[in-house]
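Okay, structure first, notes after.
Bear in mind these aren't lab numbers, they're just calculated from the coordinates by the rules spelled out. In this text, all values refer to a predicted model and were calculated from it rather than measured experimentally. Positions of Cβ are generated from backbone atoms using ideal geometry, with glycine treated the same way; all protein chains shown enter the neighbour counts.
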Amino acid sequence: MKALLDLLTRTSGTVAPLIARLTLAIVFFPHGAQKVLGWFGGYGFTGTMGFFTGTMHLPYVLALLPVLTEFLAPFALAAGFMTRLAALAVGVDMLVAIVMVHGANGFFMNWFGNQKGEGYEYHLLVIGLALALVVQGAGRFSVDHAIAKGTDSAGGAA
């Protein structure tokens, strides 16, 4: 168990992952707030789940995964808590969005409203940030960094 905790929390003491995780948290939070709270023009939990289960015909549990990921992962990322898991969940969420919805719309975002839907360039940027965090961990000023220091018998994280 200690080895798994160490694997999940070990991180460098640099600030680059801090910048990446805060950026990802800030950009991703509104998407979760749309799905759960109905903020920013979203449909809220009931509307979102109705769309995923009714229109997209996803089983309830599979529909719940992106809703919870998009709402909870930004909080975990902001705190730097279980950053690798949160970032992996966000990356998988965006990969599924590309495969199921946005891939058919091409690469570019729909800036001028002249294509059927949104492309996947935003999703690739999110995946890139998420992968960087999976590889690097949370960095300095994170709960993970504090946990890793506490579990490291040498007295500090790598």
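What is the magnitude of the charge dipole of the chain about its Cα centre, with +1 placed on the Cβ of each Lys and Arg, -1 on the Cβ of each Asp and Glu, and no other charges, expressed in debye to the nearest 20?
Computed about the Cα centre, the dipole is about 200 debye.
Any idea what angle helix 83-100 forms with the longest principal axis of the chain, computed on alpha-carbon atoms, 0 to 90 degrees, nearest 10?
Value to nearest ten degrees: 20.
Students often check this: by mean Cβ neighbours within 10 Å, which of 28-40, 77-89, 59-71 ranks highest, and how do the rest follow?
Going by the mean number of other Cβ atoms within 10 Å, highest first, we get 77-89, 28-40, 59-71.
Among the aspartates and glutamates, which have Cα under 16 Å from the Cα of residue 2 when same-chain residues fewer than 8 positions away are ignored?
Hits, sequence-local ones excluded: 144, 152.
Check the straight Cα-Cα distances from residue 149 and name the aspartates and glutamates below 16 Å, setting aside those fewer than 8 residues away within the same chain.
Within the straight-line cut-off, residue 149 pairs with 6.
In deg cm²/dmol and to the nearest 500, what is the mean residue ellipticity at 222 nm of the chain if only DSSP H runs of at least 4 residues count, each as -39500 (n - 2.57), divided by the residue total?
For the chain, the value works out to -20500 deg cm²/dmol.
Which whole-number percent gives the relative contact order of the chain, counting Cα pairs below 8 Å spaced six or more residues apart?
That works out to 35 percent.
Which whole-Hz couplings ³J(HN,Hα) result when phi for each residue of the stretch 29-35 is put into the Karplus expression 6.51 cos²θ - 1.76 cosθ + 1.60, θ = phi - 60°, listed in order with x for Gly and Pro?
3, x, 5, x, 5, 4, 6
Under the Karplus relation 6.51 cos²θ - 1.76 cosθ + 1.60, θ = phi - 60°, what is the ordered set of whole-Hz ³J(HN,Hα) values for the stretch 51-65, x standing for Gly and Pro?
Rounded to whole hertz, the list is 5, 5, 7, x, 6, 8, 6, 8, x, 3, 5, 5, 6, 6, 4.
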